[in-house]
1. Using the Kirkwood radius built from alpha carbon pairs, what does the Stokes-Einstein equation give as D for the chain at 20 °C and 1.002 mPa s, in µm² per second?
2. Just going by the charge dipole of region 33-128, with Lys and Arg at +1 and Asp and Glu at -1 on Cβ, which of P121, P61, G37 is farthest out on the positive end?
3. Which residues does the label zone of F17 cover in region 100-114, counting backbone N under 20 Å from a point 7 Å along Cα→Cβ?
4. Cβ under 15 Å from G24's Cβ, G24 left aside: what net charge do those residues give with Lys, Arg +1 and Asp, Glu -1?
5. Between G37 and residues 5 or more places away or on another chain, which pairs have amide H atoms under 5 Å apart, with H built 1.01 Å from N, and which residues are they?
6. Shape of region 63-153 from its Cα gyration tensor (a ≥ b ≥ c, root eigenvalues): rounded if a/c is under 1.5, otherwise prolate when a/b > b/c, or oblate?
7. For the pair Q88 and V31, how long in nm is the line joining their label points, each one 7 Å along Cα→Cβ?
8. Return one whole number: the accessible area per residue of region 90-131 in Å², for a 1.4 Å probe.
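The values are calculated or read from the model by the stated rules, or taken from the named source; none is laboratory data. This structure is a prediction, so every number in the text was calculated from the model and none was measured. Every residue, glycine as well, gets a Cβ built from its backbone with ideal geometry; the counts of neighbours run over all protein chains shown. Each accessible area value is taken on the protein alone, full model and side chains, heavy atoms only, with ligands, DNA and RNA left out. Shrake-Rupley method; radii C 1.70, N 1.55, O 1.52, S 1.80 Å.
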Amino acid sequence: MAYDGSRQGGTWPMPKFRFEVDFGTDLQGIVFQEVSGMDVENQIIEYRNGNSELFSVEKLPGIVKYGTITMKRGVFVKDNRFWDWYQQITMNTIKRRTVLIKLMDEGGSVTMQWTLPNAWPTKITSTDLKSDGNEVAIDTLEIAYEQLTINNG
């Protein structure tokens with residue numbers, strides 16, 4: 001039975017552990033451990049009218065500023081697709097993509113989707129290496145984007 005968001009007359013928040021990231025056709029099947037940084041904020045314009053009786057400024061909404069998405073994933077043998085995408089920047093021919101981040105219910109249906117148009121990688125951090133460690137090797141990818149829209153399933 002698919003999760004419908006309600007239980008015994010109450011509403012429950014969605015769990016965040018089942019999600020998928022879609023980069024388009026040539027970057028299919030990439031699984032991430034963590035996705036963060038889906039931020040949007042308005043810069044503040046402070047303005048004081050010369051004949052205002054208040055001894056303070058008004059705060060008006062300014063230009064919208066979007067954050068940087070940070071994605072962490074395990075390192076796999078012979079999987080350099082992100083490094084190949086990142087290498088395109090140095091040749092000034094970066095291929096911008098529309099990235100879809102999908103939150104799914106227990107049945108695999110999309111309940112919420114974040115759409116990030118004109119996304120491109122700004123930074124890749126390779127895993128740290130420790131001779132006495134037993135953790136999985138993790139790469140970190142940071143992606144810039146120009147807009148953030150949210151659609152509910």
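1. In µm²/s, the coefficient rounds to 115.
2. Checking the options against the dipole of region 33-128, the answer is P121.
3. Answer for region 100-114: 102-112.
4. Net local charge, G24 excluded: +1.
5. Residues meeting the amide H criterion: T70.
6. oblate
7. 2.6
8. Solvent-accessible surface per residue comes out at 59 Å².
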